[in-house]
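This report refers to the structure that appears directly beneath it.
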Amino acid sequence: MAVAQRRGRRIMMTPAELDTFLTEQRTCRVATVSADGRPHVGALWFVWDGTSLWLYSLIRSRRWAELRADPRIAVVVDDGEEYGELRGAELSGTAVFVGEAPRTGEPCPELDVPERLFAAKNFGLDTMPHDGRHAWLKLTPDAVASWDFRKI
């Protein structure tokens, strides 16, 4: 269960608002930790299944290597141009590797829903294409903080 947000309660999203926001957004920024403790942040497409954030990452990436060594992860999803439009969420926890790496489409029931959602959202397809270079990471957040400046 995710840690409850303590600060900014006036501008935090309700659970329904957060669910809608994460379902609609496409791009997130993923933060990992290198062996020397230095943070690394990179953009990535994702899909939200209502409980977990699913990231389809290149397996020959710094992100993948760092998560293999230290699975701690933080992800920010945000939106808005003007100050009064800013909204977003930070989700953090432990990344879990799901399915084969690289993903080739071997049967994996846990990936049925995220692959269907991801294919429709990002490619306009009914089934997930597999390129032999990506694999799945799952983040079921331990902590979530959200903000919606439109509430100010």
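The figures follow:
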{"quantity": "Residue list for the range 73-128, filter: β-branched (V, I, T) and either at pLDDT below 95 or part of a loop (DSSP other than H, G, I, E, B) (or both)", "calculated": "T104, T127"}
{"quantity": "Given (1) of a type in the set (K, R); (2) closer than 22 Å to L22 by Cβ; (3) part of a helix (DSSP H, G or I), index of the condition K138 fails", "calculated": "(3)"}
{"quantity": "Scan of the range 89-113 for residues that are surrounded by 20 or more Cβ atoms within 10 Å (Cβ to Cβ) and farther than 19 Å from L58 by Cβ, ordered by number", "calculated": "A89, L91, G93"}
{"quantity": "Hits in the range 115-129 - residues which are open to solvent by 70 Å² or more (accessible area, probe 1.4 Å) and more than 12 Å from W45 (Cβ to Cβ)", "calculated": "R116, L125, D126, T127"}
{"quantity": "Candidate set: the range 44-72, residues that are over 10 Å from the mean Cα position of the chain (by Cα) and assigned to a strand (DSSP E or B); chosen: the one farthest from R150 (Cα to Cα)", "calculated": "L58"}
{"quantity": "Residues (among the aliphatic types (A, V, I, L, M), touching a residue at least 40 places away in the same chain (Cβ under 8 Å) and open to solvent by 40 Å² or more (accessible area, probe 1.4 Å)) located in the range 8-64", "calculated": "M12, L58, I59"}
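The values are calculated or read from the model by the stated rules, or taken from the named source; none is laboratory data. If you're wondering where the values come from, they're calculated on a predicted model, not measured in any experiment. FYI the Cβ positions are ideal-geometry reconstructions off the backbone, even for glycines, and counts take in every protein chain you see. Heavy atoms of the whole protein, side chains included, go into the accessibility calculation; ligands, DNA and RNA do not. Shrake-Rupley method; radii C 1.70, N 1.55, O 1.52, S 1.80 Å.
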